[in-house]
Amino acid sequence: MRDPDALISTDALAARLAKPGLRIYDCTTYLEPPDPGSDDPYKVVAGRKTFVAGHIPGADFLDLQGELSATDTRLKFMMPSAEHLARAFGRHGLGDGSRVVLYSIGSMMWATRVWWMLRALGFDGAAVLDGGFDRWQAEGRPIETGEPRGYPPA
């Protein structure tokens, strides 16, 4: 099923958790002060630690800078080639028949960045979780802990 809506509510996601083809990804990224002596204005830290501490059941983790950004430049968060993105998303089980929900903790800009990248590839089956993990948790919805189990490669 293709659903071009850009947002999905927590109620709608909760009702779909067991659906085949659903792929849920935590895209959380943190910008921290740079290391002493660094010329960089900030340090990019993937949100993997917060993912391990708690995430939506069945979710996988996407490392925006480490996996989904160009590696041939010092500039952060540069869009890589379509081939690079397709391989990276495929390793995480995202394929043509997938229905994707993206979320992040705190700022929604990380989930919306990945949504935009998918749209740039022509993939229209993704939505951002309205309110992100913060709303999901505040509503008392189920949470898992531990490393991502991942999805079969697509």
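Sub-6 Å Cβ pairs linking a first residue in the range 37-63 that is modelled with pLDDT of 85 or more and outside any helix (DSSP H, G or I) to a second residue that is surrounded by 20 or more Cβ atoms within 10 Å (Cβ to Cβ) and among the polar types (S, T, N, Q), at least 6 apart or interchain, are 47/28; 47/29, ordered by first then second residue.
Applying the criterion of being part of a helix (DSSP H, G or I) and among the basic types (Lys, Arg) to the residues of the range 75-92, the residue that is farthest from residue 25 (Cα to Cα) is 87. With respect to the conditions (1) within 18 Å of residue 153 (Cβ to Cβ); (2) crowded, with 18+ Cβ neighbours inside 10 Å, residue 90 lacks only one, and its number is (2). Scoring residue 111 on the criteria (1) over 17 Å from residue 21 (Cα atoms); (2) modelled with pLDDT of 90 or more; (3) in a loop (DSSP other than H, G, I, E, B); (4) hydrophobic (A, V, I, L, M, F, W, C) leaves a single failure, condition (3).
Listed here are the residues, each with its yes/no results for (1) touching a residue at least 40 places away in the same chain (Cβ under 8 Å); (2) within 12 Å of residue 60 (Cβ to Cβ).
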| site | (1), (2) |
| --- | --- |
| 77 | no, no |
| 92 | yes, yes |
| 95 | yes, no |
| 103 | yes, yes |
| 113 | yes, no |
| 124 | yes, no |
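Among the conditions (1) assigned to a loop (DSSP other than H, G, I, E, B); (2) modelled with pLDDT of 90 or more; (3) within 15 Å of residue 25 (Cβ to Cβ); (4) in contact with a helix residue (DSSP H, G or I) (Cβ under 9 Å, 6 or more places away or on another chain), the only one that residue 154 does not satisfy is (2). The single condition among (1) surrounded by 14 or more Cβ atoms within 10 Å (Cβ to Cβ); (2) at pLDDT below 95; (3) touching a helix residue (DSSP H, G or I) at 6+ places or on another chain (Cβ under 7 Å) that residue 84 does not meet is (3).
The values are calculated or read from the model by the stated rules, or taken from the named source; none is laboratory data. All of these numbers come straight from a predicted model, not from anything done at the bench. Heads up, the Cβs are rebuilt from the backbone with ideal geometry, glycines too, and the neighbour counts pull from every protein chain shown.
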